[in-house]
Amino acid sequence: MRPIQTTPVKSNLTISGSRSAVAAVLGLALMSLAPLLAHADEEARSRSPALSPGFRFTETTGEALFASACQGCHMPDGKGAVGAGTYPSLAKDSNLEVGNYPVHVVVRGQRAMPPVGAMMSDAQVATVVNYVRTHFGNEYRDAVSAEDVKLARPEK
Ligand code: HEC
């Protein structure tokens, strides 16, 4: 139990005095945190879906686009990988039969897959999707078009 306060005026002074001390210490602490917080904010922004704001893939062939934008996760043979994450195989992948599905996944992302198509033109997305649908043991010859990609883009 705390003793009942008998000298309100004096104790008020001490309280407000210690309050401002606390405020000063807190202020200093927050000030020293500021650069850290700014850094965290920067990191959060660099993790946005567009990976690096303003970045665009410049490759134009399916092979080159796949190498730059897809194989880091799906592997050069398209067979995917399991390790720190699960990257599904695109080889002999019956999910690619309906062309709109891979188009959607590439432009909108899906769970752990980022929307890498956000950094490509409609024609580039169509090209890389058509490449995947006709390589790695896939034989889906009904090509998707840039127009299909345009329609699949999320609303801005
Ligand atoms: C950062 C890693 C990463 C990159 C880069 C990436 N993917 Fe993926 N991809 C994934 C993951 C993870 C999944 C599984 C998503 C899920 O859980 O539904 C996936 C799923 C897919 C699927 C669905 C497969 C299925 O059988 O349902 C397709 C198609 C696909 N990716 C194509 C591509 C293409 C084409 C590119 C390049 C333009 C690409 N991905 C780039 C990680 C990636």
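For a modelled paramagnetic label at M113, 7 Å from Cα along Cα-to-Cβ, the residues of the range 123-153 in reach, with backbone nitrogen under 16 Å, are 125-140, 144, 149, 152-153. For the range 54-86 and the range 136-156, compute the distance between their C-alpha centroids and round to whole Å. Here the answer is 17 Å between Cα centres. You can think of it this way: the chain between T61 and D77 has 4.1 nm of extra reach, that is 0.36 nm per residue less the Cα-Cα gap. Counted residue by residue at 0.36 nm each, then reduced by the alpha carbon distance between them, the extension gain from S52 to S121 reaches 23.3 nm.
I'd like the FRET efficiency for R141 and A84, computed as 1/(1 + (r/R0)^6) with the beta carbon distance as r and R0 of 35 Å, rounded to 0.05. Efficiency at R0 = 35 Å is approximately 0.50.
All of the numbers you see were taken from the coordinates with simple rules; none came from a lab. Computed from a prediction, not measured in an experiment: that's the story for all the values here. Neighbour counts are summed over all protein chains in view; Cβ atoms, including those assigned to glycine, are modelled from backbone coordinates with ideal geometry.
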